[in-house]
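First the structure, then my questions, so here it is.
The values are calculated or read from the model by the stated rules, or taken from the named source; none is laboratory data. Just so it is clear, the model here is predicted, and its values are computed rather than measured. In this analysis, Cβ positions are derived from the backbone assuming ideal geometry, glycine residues included, and neighbour counts consider all displayed protein chains.
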Amino acid sequence: LIYLDHHATTPCDRRVAAVVQRMLLEDYGNASSQHRFGQSAADAVHSAAETIAQALAAQATELVFTSGATESNSLALLGVCQHPRQKRRKIVTAVTEHPAVLDPIRRLEADGFVVERIAPYPQSDPNVGQVDEEAILNAIDDQTAVVSVMLANNEIGTIQPLRRVAEKCHQVGALLHCDATQAVGRIPVSVVDLDVDLLSASAHKFYGPKGVGLLYIRQTGRRVRIRPQIEGGGQQRGLRSGTLNVPGIVGMGEALKWAVEEMDTATLRIAGLRQRLWDRLKSGIPELVLNGPSIADANTSISPTDSVLRRLHGNLNVMFPRVEGEALMTTVPTVACSSGSACSSVDPAPSHVLMAIGCNESQARSSLRFGIGRPTTEQQTDEAADRLLDAFHRLRQMV
Ligand code: PLP
């Protein structure tokens, strides 16, 4: 079995799992308890918060721990828009966002918010997948409560520049939320450089445990008012009640520490494997099409350094001409990747991201997303490419 689906999730790093296990078995106090067990758990959470804050250039007090990025996105969007003192009634977002952003926004729209969804540049544009900058800047005005734009796309890996969007938001007093779930732990993320007010992340995307994430809420300068979505014991300054997931939070801190420490070497190695996978597939299927931002190729002038600035280094999304992605996946069950039909396999619709950059339905359905990660080896990428090529040619003979 070859795992090439690191955008869906990553395996927990063994060093992280060891720390999580220690917290589960030995340091198991409730971080709100007064006794020594509680104090020890609270200290561990505090230290993880410091590590995470440092990695993101935030303050520990600006972090709220959640069950993952889905909850963080809901807390950010519903929290800002449903605050009793929120007077503004407009939301600006991108068509290519994850459902964890699109769905809470759809709910707010049903409650009366006006929503502008900005389309990305199409496949023919060098900035394919990024939101159309002029369009988004024009959409943001003094009625805008929040703008939500992701930092790295989970399907085609596009890395979104946010500087001008942040500037415009702050000129008109709108808040900027960024779903950085696919970016944190993979590329450098600084809330200061991005100048965002809210940022979501999830530990299982950077070799941490599942079911734990965070929302950064800016505390300096402009006031960010959030209405809590989960109420109860008043933990986390009342913003997110519930007993803290101590092993998860400590595991997330440990995972982010390693991800940041090893980022440079991992990036180079993974980008090399992505290139290797693409080259091998392309040499076996000359009509193969790359969906999303360019990577180095005999036909492009993109350098390897350039390509990792525009696109997540482990991401490859390709269209197999006249063969359904689902059919390929079923024919090669030993290669784990993801089909072009939306990120959640519960939704059979063709990927809204691929459609937004100009694929038609059948092209979207012929696409597969690969996510190369830290444990991936050269041998695995070669083997995966060969199995896919073999299956592709067999399927093509059948049509
Ligand atoms: N946002 C993006 C961009 C994602 O890729 C994902 C995970 O697939 C999520 C949000 C949801 O994250 P979680 O699984 O932590 O709820």
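Only one of (1) within 16 Å of the ligand (Cβ to nearest atom); (2) more than 15 Å from the chain's Cα centre (by Cα); (3) crowded, with 24+ Cβ neighbours inside 10 Å is not met by Asp197, so which one is it?
(1)
Residues in segment 360-398 that are under 23 Å from Arg280 (Cβ atoms) and not in a helix (DSSP H, G or I): how many?
Qualifying residue count, segment 360-398: 12.
Please specify each residue of segment 87-119 satisfying the condition of being of a type in the set (A, V, I, L, M) and in contact with a His (Cβ under 9 Å, 6 or more places away or on another chain). Before you say what the answer is, go through the steps one by one.
Step one: list which residues in segment 87-119 are of a type in the set (A, V, I, L, M), which gives 91-92, 94-95, 100-102, 105, 108, 110, 114-115, 118-119.
Scanning segment 87-119 gives Val95, Val101, Leu102.
Out of segment 218-254, which residues are under 15 Å from Glu50 (Cα atoms) and of a type in the set (A, V, I, L, M)?
Listed by number, the residues that qualify are Val246, Ile249, Val250, Met252.
Of all residues being small (Gly, Ala, Ser) and within 16 Å of the ligand (Cβ to nearest atom) in segment 28-75, which is farthest from Thr93 (Cα to Cα)? Just the residue, please.
Keep residues of segment 28-75 that are small (Gly, Ala, Ser), which gives 29, 31-33, 38, 40-42, 44, 47-49, 53, 55, 57-58, 60, 67-69, 72, 74.
If we keep only those that are within 16 Å of the ligand (Cβ to nearest atom) too, we end up with 67-69, 72, 74.
Details: Ser67: 23, Gly68: 20, Ala69: 17, Ser72: 16, Ser74: 14 Å.
Top of the filtered list is Ser67.
Can you say whether His6 is more than 20 Å from Gln229 (Cβ to Cβ), within 16 Å of the ligand (Cβ to nearest atom) and crowded, with 21+ Cβ neighbours inside 10 Å, as far as the supplied structure shows? I'd like the intermediate steps shown before the answer.
Values: more than 20 Å from Gln229 (Cβ to Cβ): yes; within 16 Å of the ligand (Cβ to nearest atom): yes; crowded, with 21+ Cβ neighbours inside 10 Å: yes.
Here the answer is yes, as His6 does meet what is asked.
Let me ask you something else. Name every residue in segment 132-175 that is within 16 Å of the ligand (Cβ to nearest atom) and either closer than 26 Å to Cys337 by Cβ or exposed (fewer than 15 other Cβ atoms within 10 Å of the Cβ) (or both), in order of residue number.
Of everything in segment 132-175, those that are within 16 Å of the ligand (Cβ to nearest atom) and either closer than 26 Å to Cys337 by Cβ or exposed (fewer than 15 other Cβ atoms within 10 Å of the Cβ) (or both) turn out to be Met150, Leu151, Ala152, Asn153, Asn154, Glu155, Ile156, Gly157, Thr158, Ile159, Gln160.
On the basis of being in contact with a helix residue (DSSP H, G or I) (Cβ under 7 Å, 6 or more places away or on another chain), modelled with pLDDT of 95 or more and acidic (Asp, Glu), does Glu116 make the cut? Walk me through how you get there before you give the answer.
Values: in contact with a helix residue (DSSP H, G or I) (Cβ under 7 Å, 6 or more places away or on another chain): yes; modelled with pLDDT of 95 or more: yes; acidic (Asp, Glu): yes.
So Glu116 passes the test.
While we're looking at this one, here's another question. Residues that are under 19 Å from Leu56 (Cβ atoms), of a type in the set (D, E, K, R), outside any loop (DSSP other than H, G, I, E, B) and in contact (Cβ under 8 Å) with a residue 40 or more places away in the chain: does segment 148-169 have at least one?
Scanning segment 148-169, I find no residue that is under 19 Å from Leu56 (Cβ atoms), of a type in the set (D, E, K, R), outside any loop (DSSP other than H, G, I, E, B) and in contact (Cβ under 8 Å) with a residue 40 or more places away in the chain, so the answer is no.
If I filter segment 92-119 down to residues being charged (D, E, K, R) and part of a strand (DSSP E or B), which single residue comes out as nearest to the ligand (Cβ to nearest atom)? So that I can check it myself, show each step before the final result.
Taking segment 92-119 as the starting set, the residues that turn out to be charged (D, E, K, R) are 97, 103, 106-107, 109, 111, 116-117.
Applying the additional criterion that residues be part of a strand (DSSP E or B) yields 116-117.
Numbers: Glu116: 20, Arg117: 16 Å.
Top of the filtered list is Arg117.
Also, quick follow-up: For segment 95-102, state whether one or more residues are touching a Phe, Trp or Tyr at 6+ places or on another chain (Cβ under 9 Å) and either more than 18 Å from Val196 (Cβ to Cβ) or of a type outside the set (Asp, Glu) (or both).
Taking segment 95-102 and keeping what is touching a Phe, Trp or Tyr at 6+ places or on another chain (Cβ under 9 Å), we get none.
No: segment 95-102 contains no residue that is touching a Phe, Trp or Tyr at 6+ places or on another chain (Cβ under 9 Å) and either more than 18 Å from Val196 (Cβ to Cβ) or of a type outside the set (Asp, Glu) (or both).
Also, quick follow-up: State whether one or more residues within segment 288-305 are β-branched (Val, Ile, Thr) and not assigned by TED's automatic domain parsing to the domain that holds Gln380.
Pass one, segment 288-305, residues β-branched (Val, Ile, Thr): 289, 295, 300, 302, 305.
With the extra rule that they be not assigned by TED's automatic domain parsing to the domain that holds Gln380, the set shrinks to none.
Within segment 288-305, not a single residue is β-branched (Val, Ile, Thr) and not assigned by TED's automatic domain parsing to the domain that holds Gln380.
Restricting to segment 277-311, and then to whatever is farther than 24 Å from Gln130 by Cβ, at pLDDT 80 or above and hydrophobic (A, V, I, L, M, F, W, C), can you tell me which residue is surrounded by the fewest Cβ atoms within 10 Å (Cβ to Cβ)?
Ile285
Please indicate, with yes or no, whether at least one residue in segment 217-234 is closer than 27 Å to Asp13 by Cα and buried (at least 24 other Cβ atoms within 10 Å of the Cβ). I'd like the intermediate steps shown before the answer.
Initially, segment 217-234 is screened for residues closer than 27 Å to Asp13 by Cα, giving none.
No, that holds for no residue.
I'm trying to understand the selection: among the residues of segment 43-56, which are in contact (Cβ under 8 Å) with a residue 12 or more places away in the chain and in contact with a Leu (Cβ under 9 Å, 6 or more places away or on another chain)?
The answer is Val45, Ala48, Ala49, Thr51, Ile52, Ala55, Leu56.
Quick one: how many residues across segment 183-224 are under 22 Å from Cys169 (Cβ atoms), of a type in the set (Lys, Arg) and in contact with a strand residue (DSSP E or B) (Cβ under 9 Å, 6 or more places away or on another chain)? It would help to see each step written out before you state the result.
Applying the first criterion (under 22 Å from Cys169 (Cβ atoms)) to segment 183-224 yields 183-184, 187-201, 214-224.
Those left that are additionally of a type in the set (Lys, Arg): 218, 222-223.
Within this subset, residues satisfying the condition of being in contact with a strand residue (DSSP E or B) (Cβ under 9 Å, 6 or more places away or on another chain) are 218, 222.
Going through segment 183-224 one residue at a time, the tally reaches 2.
Are any residues in segment 200-231 modelled with pLDDT under 95 and either within 22 Å of the chain's Cα centre (by Cα) or within 16 Å of the ligand (Cβ to nearest atom) (or both), and if so, which ones?
Hits for segment 200-231: nothing passes.
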